[in-house]
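Worksheet for the structure shown next.
The values are calculated or read from the model by the stated rules, or taken from the named source; none is laboratory data. Being a predicted model, the structure only gives us computed values, none of them experimental. Cβ sites come from the backbone with ideal geometry, for glycine too, and all protein chains shown count toward neighbours. Just so you know, the surface numbers come from the protein's heavy atoms only, side chains and all, with ligands and any DNA or RNA stripped out. Shrake-Rupley method; radii C 1.70, N 1.55, O 1.52, S 1.80 Å.
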Amino acid sequence: MKIQVGFEGHYRELTVKIPDGDIPPYAPGTELRVVGKPENRLDAVAKATGTAKYTADQRPAGMLHGAILRSPHANADITLLDTSTAEAMPGVKAVLKATEVFGSSSCRYAGAEVAAVAAESAAIAEEALRAILVEYEVLPFAVTLEDAMAAGAPRVGRRDQENVVRVTPRIVRQQGGAIDEERERQTLEEMRAKEEKVAALLRDAPVTVTRTFTTQVQTHCPLEPHGVVCEWQGGKLICWASTQATFGVQGELSDPRGPVGADTRVLCEHVGGGFGSKFGAGREGVLGALLAKKAGAPVKLMLDRRGEQTAVGCRPDSRQELTIGLDREGKILAYKVRNWGTPGTGTGGAGAHNDVIYTLGEIDKVEHGVRTNTGDARAHRAPGFPQGAYALESILDEAAAAIGMDPIELRRRNDEHPVRKAEYDIAAKRSGWTEKRARGGAAGEAGPVRRGIGVGSSLWFAAGGGGAAVLARIRKDGRVEIRNGAQDIGTGTRTVLGQVAAEELGLPLAGVQVFIGDTADPRGPGSGGSTTIGSLTPAARLAAHRAKRRLLEIVAERKGWDAAALDLRGEQVVDAAGKALLGFAAACALLDEDAIEVLAERPVVGRREPNYEGFADTNAGVQIAEVAVDTETGEVRVERVTAVADAGKILNPKLAESQVRGGVIQGVSFALFERRTMDRQEGRMVNADMEQYKILGAADCPEIEVVLVDVHNGRNNTGVMGLGEPPIVATAAAVANAVAHAIGVRIPSLPITPRKVLEALGRVPGAGGAAAKGAKL
């Protein structure tokens, strides 16, 4: 069918194939009463009053307290593990050896699990941990990228494993894991050919810029740590989990090949953050379940802050060596990238996405994973993108300066995204880019404070996917339920599911009850890739639509009306002319049974269909940051961020703005504050707490102006995309470019600390402000 796609001032007609049984997306100009409105979160009052129950708030009768003993060594093998004293202590109900549960006596980082206990109190559990006798064979280690890459570095993993491994282009493997030598030879030949082609283009390019950038390890730091409360009811395991994937936890604990292998129901009413680190049960979940089974009582096992900071994931660091070649008109001709990153003891997941967003000509990119004796990486809000965008956007600003071109203009000339092209204009106008760019930096006001303005762009892929189902139930008493087993990690999933259902049923949001976070309900996705809303809302709308049609069929049968001419609007059954015929509650009262699902002989379920081939299947975004840098102290303060973003059809602007603000805040924190610090002599993280690990606080937050671009993309029946990850992509890049504009010298590593600023200024004669007078930050 033909639909209208695009955004204000840029609409066009597009022919799409809508799957059988599905419904068309919202059309531009359609009058919507609930969708698109800034509704409050359905759980706002519960969270604000402290009545919302998180995993740690669960208190099943007879609950015990669990705790984990962790290795203090960066690289060691356990030679003796004696738990007998702990097992004999009063109040201790269960003790587990991690070596037996997970089948390994190797501890490859400080923080690795050694044993776990369950006791009548947290204090007894901690005392029991201290009573466990462990002897180690301590081995050499490397805990930083530089140490692991150095000549003669100790092997992090097995002796037959190199620390540095090329991960892209990937080694081609056959079934069974053996290297496909012929394909590998072809890959290497293609790689060499690409290298030669890019090298020739760079040699001939009128302008080339070469730069090396580094970014730090960032931990997830959710306010609610990882953890579970586990209770066995016969052979069935009930697991309350702090998770981003209820069905992921269920799958891990139910897997017959795993340590638990039980019929499992997972519950997750509320989550206090995860940012990509909470997709599975994890070792803490497995230990919690097995402790509960061994003790014959419920067990709560929540990680302490040190365990949270060291053992359950981080954003990898990076070293990015970039060379870009372009002509005098700003067209990028070629781009060479060499990346290194450490994801811990493995090699995957440490890539930096620095070859996206723009048209970059011929690209020669090779990535390497570097093993270190540190906790493994996990997905972290837009994995790989913030560190990659920081390097890419920084070198683009360097290139713009080299040819004397405005940085935004250079981006326009190498950007084909239809939405982002418009977003450049919006961001520049709302921020006052032209005037502030001209008067910032050394050309600005006298005194030690220098102000600068910088730009960065974002890209994400958040249109959602299939495999989700939503149940809609209309009861005889007029109550409406929408059910799905996925979790709400704080993005407002409950609320938008209710909104799309309420819109379809002609009800206010308060007329719909939404139940989520229970794997006994229909299957839902994990909250990753910003795909949750794009996967669930089309299913919710379709489920509500089918439930509505079924209700109207029953009403028509009872009243002798034409069902095809009926609709629900304003809590009324209306005819084709919009005339109210019957109240919603009265219509529901016509049901013979308690709910429509009984009449249908099965629940009314809308199963998520694949996406249509619509318009603009990626999110776009542009951010402009304004900073003030004190050249005497080196302090950087981000004063303002203008964030322009799209997420397809905006279902709730209040929630969408909240997601953008959260991404910007976390992006500023990544740019200026956060970093994991490792003791290279002891091999431990020295700031594994919330005191020494610095994150942005309320006083550090900039003014954030959010501008949402409502895009009818025609990708599914709601046309929405997720917005959890896209806003963080551009922030650190925009901040770094603003700092460079302010002080006239670039800081080539994150975080941008006062020390780095002062050191950079010290390398530029006359750049400091020690003798200047003026406003302080």
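Could you list, in their original order, any pairs among K336/K436; K47/K654; K53/K548 whose Cα atoms are separated by more than 22 Å? If you can, show how the numbers build up before the last one.
Details: K336/K436 32 Å; K47/K654 17 Å; K53/K548 33 Å.
Over 22 Å apart, Cα to Cα: K336/K436; K53/K548.
For Cα extents along the principal axes in Å, the choices are (1) 87, 74, 63; (2) 74, 59, 55; (3) 106, 72, 51; which was calculated from the structure?
Computing Cα extents along the principal axes in Å and matching it to (1) 87, 74, 63; (2) 74, 59, 55; (3) 106, 72, 51 gives (1).
Could you sort the peptides 264-270, 189-195, 512-518, 700-706 by per-residue average Cβ neighbour count (10 Å cutoff), highest mean leading?
On the way: 264-270: 22.4, 189-195: 12.6, 512-518: 20.4, 700-706: 16.6.
Averaged packing, sorted descending, gives the order 264-270, 512-518, 700-706, 189-195.
When only C-alpha pairs under 8 Å and at least 6 residues apart count, what is the relative contact order of region 382-451, in percent? Provide the component values of the computation, followed by the final result.
Numbers: 21 pairs, mean separation 9.3, N = 70.
For region 382-451, the relative contact order is 13 percent.
Please give the Cα centre distance for region 415-430 versus region 194-260, rounded to the nearest Å.
Taking the Cα centre of each part, region 415-430 and region 194-260 sit 31 Å apart.
Quick check: Cα centre of region 343-403 to Cα centre of region 98-138, how many Å?
With region 343-403 and region 98-138 each reduced to a Cα centre, they are spaced 36 Å.
Near K559, which aspartates and glutamates are there with a Cα under 13 Å away, not counting those fewer than 8 places off in the same chain?
Correct list for K559: D575.
Just the number please: accessible area per residue for region 80-226, 1.4 Å probe, all protein chains included, in Å². Please report the intermediate quantities before stating the final value.
On the way: 7930 Å² over 147 residues.
With all protein chains present, region 80-226 gives 54 Å² per residue.
For a protection proxy built on the mean count of beta-carbon atoms within 10 angstrom, sort 109-119, 290-300, 540-550, 17-27 highest first, please. Kindly include the intermediate steps, with their values, before the conclusion.
On the way: 109-119: 26.6, 290-300: 22.2, 540-550: 24.8, 17-27: 15.3.
Going from most to least packed, we get 109-119, 540-550, 290-300, 17-27.
Excluding ligands, DNA and RNA, what is the solvent-accessible area per residue of region 693-755 at a probe of 1.4 Å, expressed in Å²? Display every interim value, and only then the final one.
Values: 1520 Å² over 63 residues.
On a per-residue basis, region 693-755 sits at 24 Å².
List the trypsin sites (Lys or Arg not before Pro) in region 427-503 that DSSP assigns to loop (not H, G, I, E or B) and whose Cβ has at most 15 other Cβ atoms within 10 Å. Which are they?
On the way: sites: K429, R430, K436, R437, R439, R450, R451, R473, R475, K476, R479, R483, R494; in loops: K476, R479.
Within region 427-503, the qualifying trypsin sites (Lys or Arg not before Pro) (loop, at most 15 other Cβ atoms within 10 Å) are R479.
What's the carbon and sulfur percent of the chain's accessible surface, probe 1.4 angstrom, rounded to a whole number?
Within the chain, the accessible surface is 49 percent carbon and sulfur.
Calculated from DSSP H runs of 4 or more alone, at -39500 (n - 2.57) each and per residue, what is the 222 nm mean residue ellipticity of the chain, nearest 500? Mind showing how you got there, number by number?
Details: 21 runs with 228 residues, N = 777.
The helix contribution divided over the chain gives -9000 deg cm²/dmol.
Just the number, please: percent antiparallel of the DSSP beta bridges in region 444-574, rounded to the nearest 5. Intermediate values should be presented prior to the final figure.
Details: 7 of 11 bridges.
DSSP beta bridges in region 444-574 are roughly 65 percent antiparallel.
With every protein chain present, what is the per residue accessible area of region 537-592 (1.4 Å probe, Å²)? Let's see the in-between values first.
Numbers: 2430 Å² over 56 residues.
Accessible area per residue, region 537-592: 43 Å².
Taking R0 as 30 Å, what FRET efficiency do you get between A27 and T49 from their Cβ-Cβ distance, rounded to the nearest 0.05? Could the numbers behind the result be given before it?
Numbers: r = 40 Å, r/R0 = 1.32.
Given R0 = 30 Å and the Cβ-Cβ separation, E is 0.15.
Please go through the residue pairs K278/K300; K97/K278; K93/K293; K37/K429; K331/K429 and name each one whose alpha carbons sit more than 19 Å apart in this structure. It would help to have the intermediate numbers written out before the result.
Numbers: K278/K300 17 Å; K97/K278 23 Å; K93/K293 11 Å; K37/K429 26 Å; K331/K429 24 Å.
With Cα atoms farther than 19 Å apart: K97/K278; K37/K429; K331/K429.
Could you work out the relative contact order of region 81-205, using alpha carbon pairs under 8 angstrom and six or more residues apart, expressed as a whole percent? Walk me through the numbers before you get to the answer.
Values: 110 pairs, mean separation 21.5, N = 125.
Relative contact order comes out at 17 percent.
Quick one: length gained pulling A61 to M191 fully straight, 0.36 nm per residue minus the C-alpha distance?
Numbers: separation 130, 0.36 × 130 = 46.80 nm, distance 6.17 nm.
Result for the pair: 40.6 nm of gain on full extension.
Please report the antiparallel percentage of the DSSP beta bridges confined to region 612-760, to the nearest 5.
Working: 11 of 18 bridges.
Restricted to region 612-760, the bridges split so that about 60 percent are antiparallel.
In whole angstrom, note down how far apart the Cα centers of region 635-674 and region 502-516 are.
Region 635-674 and region 502-516 have Cα centres spaced 29 Å from each other.
Averaging sequence separations of C-alpha pairs under 8 Å and six or more residues apart, then dividing by the length of region 474-568, give the relative contact order as a whole percent. Each step should come with its number before you reach the end.
Values: 119 pairs, mean separation 29.6, N = 95.
The normalised contact order for region 474-568 reaches 31 percent.
First measure r as the distance between the Cβ atoms of A565 and E8, then evaluate 1/(1 + (r/R0)^6) with R0 = 41 Å and state the FRET efficiency to the nearest 0.05. Working shown, then result.
Numbers: r = 33 Å, r/R0 = 0.81.
In this case the efficiency is close to 0.75.
If packing is taken as the average number of other Cβ atoms within 10 Å across a peptide's residues, how do 526-535, 502-511 rank, most packed first?
Working: 526-535: 25.6, 502-511: 20.5.
Ranked by mean Cβ neighbours within 10 Å, highest first: 526-535, 502-511.
Roughly how many nanometres apart are two label points built 7 Å out from the Cα toward the Cβ at D592 and E87?
Once both label points are built, they end up 6.3 nm from each other.
Using a 1.4 Å probe and ignoring any ligands, DNA or RNA, find the accessible area of E657 and quote it in Å² to the nearest 10.
Only protein atoms counted, so the area is about 60 Å².
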